[in-house]
Amino acid sequence: MPHFIDLSVTLEAGLPSDPPFMLPQIEYFRHSQTADQITAFFPGLTADDLPGQEGWAIEKLTLWTHNGTHLDAPYHHHSTMNGGARAIAIDEVPLEWCFAPGVKLDFRHFPDGYVATPGDVEAELRRIGHELRPRDIVLINTAAGGRYGHDDYLARGCGVGRAATEWLLERGIRVTGTDAWSWDAPFLHTARTWAETHDPSIIWEGHRASMTTGYCHMEKLANLDLLPSSGYQVSCFPFKIKGASAGFIRAVAILDEQEAK
């Protein structure tokens, strides 16, 4: 029997999981509130005819496509990819990208705001003894993972720079992921560097690697600390939203029984 590790956060209102302007909203309708939603379909039916006078439970969501654990399409990163081709949206992402062997890089020791380099990626791969293969799904475990739901979450963790992202893409990687709010370093820290340098190339640099080679990444992953470095499959199929920049996912790591021990 395979062993499953849930890599997704729970979508929940009231948590500092995103900037204030894009926080999710969930309106819950209980059974006691919705009898009229059922009786409206059946003329002559009353709430008294229903078991316990109860309707159904149902929820109304006001969301951004980047709330919760999600997969970014290349279209989110820029309007073009692969050196000028039209960037694909989430409903166009190849499904074979979304189910593949996973490898975890432990970057929890890097300070908040650090921008990981190709050398950092190579050093961690040597440490864990893993040779990348095309279509591996590369997961970055940062210091942000343990702070999800806390007030400092958006400022925690390191990012992956453009050079490091392109290094991965050159080796056939097409899906990556992080437990932080963004694949890039937190904006709070990047803004400080920008104030000193006014170098626009540092803004969202890891995302912009899609302009060279289109790729997807997952954000707001969970439980990466429970994963071994490799030896499992990752499933991250996105919700299919026409022309959208991202889709919600239930990211899951699938370990065989031996790896789970």
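No lab work stands behind these numbers, since they all come straight from the coordinates. Keep in mind it's a predicted model, so treat the numbers as computed, not measured. No Cβ is skipped: glycine too gets one built from the backbone with ideal geometry, and neighbour counts run over all protein chains shown.
Taking segment 121-145 as the range and being part of a helix (DSSP H, G or I) and in contact (Cβ under 8 Å) with a residue 60 or more places away in the chain as the test, the residues that pass are I128, G145. The residues listed here are R147, R133, R174; of these, the one that is within 19 Å of T213 (Cβ to Cβ), of a type in the set (D, E, K, R) and touching a Phe, Trp or Tyr at 6+ places or on another chain (Cβ under 6 Å) is R174.
Listed conditions (1) touching a residue at least 24 places away in the same chain (Cβ under 8 Å); (2) touching a strand residue (DSSP E or B) at 6+ places or on another chain (Cβ under 8 Å); (3) on the phi < 0 side of the Ramachandran plot are all met by Q37, apart from (1). Only strands (runs of 3 or more DSSP E) whose full extent lies in segment 180-261 are considered here, and the ones with at least 1 residues that are more than 26 Å from W167 (Cβ to Cβ) and in contact (Cβ under 8 Å) with a residue 24 or more places away in the chain are 246-248, 252-255. Scanning segment 54-90 for residues that are of a type in the set (D, E, K, R) and more than 21 Å from L169 (Cα to Cα) yields E54, E59, K60. Taken as a whole, segment 110-118 holds no residue that is under 25 Å from F237 (Cβ atoms), buried (at least 21 other Cβ atoms within 10 Å of the Cβ) and in contact with an Asp or Glu (Cβ under 8 Å, 6 or more places away or on another chain). Being loosely packed, with under 15 Cβ neighbours inside 10 Å and under 18 Å from F248 (Cβ atoms) is a property that holds for Q25.
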